[in-house]
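As structure tokens, the structure follows; a few thoughts come after it.
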Amino acid sequence: MEVAIMLYDGITALDAIGPYEVFSATMKCNVKFIAKKKGIVQLDSKMGYLHADYSFSEMTAADILVVPGCSPPNYKTPMNDEETLEWIRQIHGTAKWTTSVCNGSLILSAAGLLNGAAATCHWGSFDLLRSLGAIPTDERVVRHGQIVTAAGVSSGIDMALQLAAWEFGEDTSKAVQLILEYDPQPPFDTGSLKKAPAPLIERVREVLQELSKQ
């Protein structure tokens, strides 16, 4: 299957690399990094880059589209770029699956693909996702027809594993999980709003709100 992972300046590395590792490990996918212009794309950490090997004009169809997310306010540029949004709509029209990770669903919403649809994103952007016409859903992976959205950052791995199971069977997806040794055992149990203490949530929320105002 042809998998197109869209890149843009300011993306979060794991949002793109998590699904990349899963799809490439199936050995049944041709995974490509695409951006408006091919070349290096700066990460939101400002400490590294990914490389887009193809430009939008060089790839006009795919079986799976992945739109990664980013730290606020980096989603504003692709959300307000009509060429980017039109490319997403074009690929969506050919794709079997249109997917996003983290705040990538905000970009899908800006492209008009999530009006009235159940979707998820990073918890810090639920209000913005709602304002764009989607119905925020507190689940790690949410399917609405051909569109599959994943929650924050690390959930892109879960999303890609689910798609691998749907497309290639559970045995393949389970084998990929084993190849990646994806067996999360975090040192702290604070990875979601349901588990983190209220003071920690408020501190993180304040940081995200300040970033989004930029």
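Rundown of residues vs (1) closer than 23 Å to residue 63 by Cβ; (2) open to solvent by less than 20 Å² (accessible area, probe 1.4 Å), yes/no style:
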position	(1), (2)
111	yes, yes
114	yes, yes
125	no, yes
132	no, no
138	no, no
143	yes, no
148	yes, yes
153	no, no
158	yes, no
Here's a check for you: in the range 154-198, which residue that is among the acidic types (Asp, Glu) and assigned to a helix (DSSP H, G or I) is farthest from the chain's Cα centre (by Cα)?
171
Quick one: in the range 176-206, which of the residues that are without any contact (Cβ under 8 Å) to a residue 40 or more places away in the chain and among the aliphatic types (A, V, I, L, M) is surrounded by the fewest Cβ atoms within 10 Å (Cβ to Cβ)?
198
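Every residue, every condition in (1) in contact with a helix residue (DSSP H, G or I) (Cβ under 6 Å, 6 or more places away or on another chain); (2) touching a residue at least 40 places away in the same chain (Cβ under 8 Å); (3) part of a loop (DSSP other than H, G, I, E, B), yes or no:
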| site | (1), (2), (3) |
| --- | --- |
| 109 | no, no, no |
| 112 | no, no, yes |
| 115 | no, no, yes |
| 127 | no, no, no |
| 139 | no, no, yes |
| 149 | yes, yes, no |
In the range 81-107, which residues are closer than 20 Å to residue 1 by Cβ, in contact (Cβ under 8 Å) with a residue 40 or more places away in the chain and among the β-branched types (Val, Ile, Thr)?
88, 91, 98, 99, 101
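Scan the range 87-105 residue by residue and report those that are part of a helix (DSSP H, G or I) and surrounded by fewer than 21 Cβ atoms within 10 Å (Cβ to Cβ).
From the range 87-105, those part of a helix (DSSP H, G or I) are 87-94, 104-105; that's our starting set.
Listed by number, the residues that qualify are 89, 90, 92, 93, 94.
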Could you look through the range 157-172, keep only residues that are touching a residue at least 40 places away in the same chain (Cβ under 8 Å) and of a type in the set (Gly, Ala, Ser), and pick out the one that is farthest from residue 14 (Cα to Cα)?
164
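Scan the strands (runs of 3 or more DSSP E) fully inside the range 1-86 and keep the ones with 2 or more residues being surrounded by fewer than 21 Cβ atoms within 10 Å (Cβ to Cβ).
Values: elements: 2-6, 30-35, 39-42, 49-52, 64-67.
Once the strands (runs of 3 or more DSSP E) in the range 1-86 are filtered for at least 2 residues that are surrounded by fewer than 21 Cβ atoms within 10 Å (Cβ to Cβ), what remains is 30-35, 39-42, 49-52.
The values are calculated or read from the model by the stated rules, or taken from the named source; none is laboratory data. Every value quoted in this text rests on a predicted model; they were computed, and no experiment measured them. All Cβ positions, even for glycine, are placed from backbone atoms using ideal geometry, and neighbour counts span all protein chains on display. Note: areas computed on protein heavy atoms with side chains; ligands, DNA, RNA excluded. Shrake-Rupley method; radii C 1.70, N 1.55, O 1.52, S 1.80 Å.
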